[in-house]
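Participant: Provided herewith is a single structure, encoded as structure tokens, for subsequent inquiry.
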Amino acid sequence: MVHQKKRRGILSRLTEIVMVGVVRGVFAFARALGPEKSGGLGAAIAKRVGPLLPAHKTALANIRAAYPEKSDAEVRAIARGAWDNLGRTGGEYPHLGTLFDYDPDSETVGRTEVDGIEHFLALRDDGRPGIIFSAHLGNWELPAICAARFGLDATAVFRAPNDPAIARVLHEIRSGTMGGLEAARQGAAFAMQGALEKGGHLGMLIDQHFTRGVIVDFMGRPALVNPILGKFARRFDCPVHGVRVIRLSNYRFRLQLTPALDLPRDADGQINVQGAMQVMTRVVEGWVRENPSQWLWMHRRWRAPATKPASGASGAASS
């Protein structure tokens, strides 16, 4: 029995090593193509394969519920755009180090522009902890790279892919381009709190379902959101900003960082957690409605129960 477990362990490690090599080979091929061609190839594959997957039915149902006034052709066009964006984002992963080329002192227009860089700099220089929330829009990896390039002490909370080989290679890419990284896992909340206690900043995607979350209204329907950023905002009374990425034409991007949000407070003057998450979610809703074909509609976002669950969630959100 012991020998069987040992053999299985060795086989598992060998399989992962082989798969890591395969994934690295795919990424090397994409890197050789350049960001435009690799992104285009990813989009072509996603638009071809995506509609064959069960997630496509989820996307269509979500879009129809959010836009009951739209025709079937319009709904399907948004879904096709969402697959296109997802495929492009995947194809761009090997190029994350070069995609973000914003230089405020350069007269040359780069691939990426930033609207609200003054807020990044204020967060960097104010000596206080801070929170930045985002959503799966455009290429959602770019804000963490922007923070690192401009010296903002930030920890990005992310969800590792289920496949260990892909997770390993993506972590190599992220760690080479971003600042601090914290995987969404049991106990991640303690690491997140520690970052804020040291005067650092947290960046997290908040647009996915969280079973033990608080209920908010999102696109006219109840949804569960992880309350952890609201809890941290209440505890540290720190500025909370939103950041999104807009995919532009000609393979370009625009990052937009909002001013600090005015979050609702209770009778004691402390930030109301559920109200704070509703305000953040409302910002995300505005982003999605402005560029619906660039959001991740395939996720089962709306799974709120009939009755409100306990709001004692302390884990990190999926992203």
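Participant: List the number of the failed condition for residue 152; all other conditions in (1) in a loop (DSSP other than H, G, I, E, B); (2) in contact with a strand residue (DSSP E or B) (Cβ under 7 Å, 6 or more places away or on another chain); (3) under 22 Å from residue 33 (Cβ atoms) hold.
Facilitator: So residue 152 meets the others, but not (3).
Participant: For the range 81-101, how many residues meet the condition of being touching a strand residue (DSSP E or B) at 6+ places or on another chain (Cβ under 7 Å) and at pLDDT 95 or above? Break it down into steps so the answer makes sense when it comes.
Facilitator: Keep residues of the range 81-101 that are touching a strand residue (DSSP E or B) at 6+ places or on another chain (Cβ under 7 Å), which gives 82, 85, 99-101.
Checking the rest, the ones that are also at pLDDT 95 or above come to 82, 85.
Total meeting the criteria: 2.
Participant: If you don't mind, another one. Go through (1) open to solvent by less than 50 Å² (accessible area, probe 1.4 Å); (2) under 27 Å from residue 30 (Cα atoms); (3) β-branched (Val, Ile, Thr); (4) without any contact (Cβ under 8 Å) to a residue 60 or more places away in the chain for residue 114 and report which single condition fails.
Facilitator: Only one criterion is unmet by residue 114, namely (4).
Participant: Return the residues of the range 96-111 that are in contact with a Lys or Arg (Cβ under 9 Å, 6 or more places away or on another chain) and part of a helix (DSSP H, G or I); say none if nothing qualifies.
Facilitator: Passing the criteria: 96, 98, 99.
Participant: Let me ask something additional. If residue 216 satisfies all but one of (1) under 23 Å from residue 127 (Cβ atoms); (2) assigned to a strand (DSSP E or B); (3) at pLDDT 75 or above, what's the number of the condition it fails?
Facilitator: Residue 216 satisfies every listed condition except (1).
Participant: State yes or no: is residue 92 of a type in the set (Asp, Glu) and surrounded by fewer than 22 Cβ atoms within 10 Å (Cβ to Cβ)? First the steps, then the outcome.
Facilitator: Values: of a type in the set (Asp, Glu): yes; surrounded by fewer than 22 Cβ atoms within 10 Å (Cβ to Cβ): no.
Criteria not met by residue 92.
Participant: Does the range 112-135 include one or more residues that are part of a loop (DSSP other than H, G, I, E, B) and under 25 Å from residue 286 (Cβ atoms)?
Facilitator: Scanning the range 112-135, I find at least one residue that is part of a loop (DSSP other than H, G, I, E, B) and under 25 Å from residue 286 (Cβ atoms), so the answer is yes.
Participant: Scan (1) crowded, with 16+ Cβ neighbours inside 10 Å; (2) of a type in the set (Lys, Arg); (3) farther than 17 Å from residue 136 by Cα for the single condition residue 235 breaks and write down its number.
Facilitator: (1) is the only condition that residue 235 fails.
Participant: Right, something else. Quick check on the range 118-133. Is at least one of its residues of a type in the set (Val, Ile, Thr), farther than 30 Å from residue 91 by Cβ, surrounded by 15 or more Cβ atoms within 10 Å (Cβ to Cβ) and modelled with pLDDT of 80 or more? Give the derivation first.
Facilitator: Step one: list which residues in the range 118-133 are of a type in the set (Val, Ile, Thr), which gives 131-132.
Next, from what is left, pick out any that are farther than 30 Å from residue 91 by Cβ: 131.
Adding the requirement that they be surrounded by 15 or more Cβ atoms within 10 Å (Cβ to Cβ) leaves 131.
Cutting the leftovers down to modelled with pLDDT of 80 or more gives us 131.
Checked against the condition, which is being of a type in the set (Val, Ile, Thr), farther than 30 Å from residue 91 by Cβ, surrounded by 15 or more Cβ atoms within 10 Å (Cβ to Cβ) and modelled with pLDDT of 80 or more, the range 118-133 yields at least one hit.
Participant: Let me ask something additional. Would you mind stating whether residue 282 is modelled with pLDDT of 95 or more and within 21 Å of residue 145 (Cα to Cα)?
Facilitator: Details: modelled with pLDDT of 95 or more: yes; within 21 Å of residue 145 (Cα to Cα): no.
In short, no.
Participant: Which pairs have Cβ atoms under 9 Å, sit 6 or more apart or on different chains, and link a residue in the range 90-106 that is farther than 18 Å from residue 137 by Cβ to one that is modelled with pLDDT of 90 or more and not aliphatic (A, V, I, L, M)?
Facilitator: 94/38; 95/38; 95/39; 98/111; 101/111; 101/112
Participant: Considering only residues that are open to solvent by less than 20 Å² (accessible area, probe 1.4 Å) and out of contact with any Gly (no Cβ under 9 Å at 6 or more places or on another chain), which ones fall in the range 97-111?
Facilitator: So in the range 97-111, the residues open to solvent by less than 20 Å² (accessible area, probe 1.4 Å) come out as 99-100.
If the condition is that a residue be open to solvent by less than 20 Å² (accessible area, probe 1.4 Å) and out of contact with any Gly (no Cβ under 9 Å at 6 or more places or on another chain), then 99 is the only one that fits.
Participant: Could you identify the single residue in 210, 232 that is assigned to a loop (DSSP other than H, G, I, E, B) and aromatic (Phe, Trp, Tyr)? Let's see the steps before the verdict.
Facilitator: On the way: 232 fails: assigned to a loop (DSSP other than H, G, I, E, B).
The match here is 210.
Participant: Another one. Which residues, counting only those in the range 290-311, are modelled with pLDDT under 95, farther than 12 Å from residue 209 by Cα and open to solvent by 60 Å² or more (accessible area, probe 1.4 Å)?
Facilitator: 306, 307, 308, 310
The values are calculated or read from the model by the stated rules, or taken from the named source; none is laboratory data. What you are looking at is a predicted structure, and each value in this text was computed from that prediction instead of being measured. Cβ sites come from the backbone with ideal geometry, for glycine too, and all protein chains shown count toward neighbours. Surface accessibility is based on the protein's heavy atoms, side chains included, excluding ligands, DNA and RNA. Shrake-Rupley method; radii C 1.70, N 1.55, O 1.52, S 1.80 Å.
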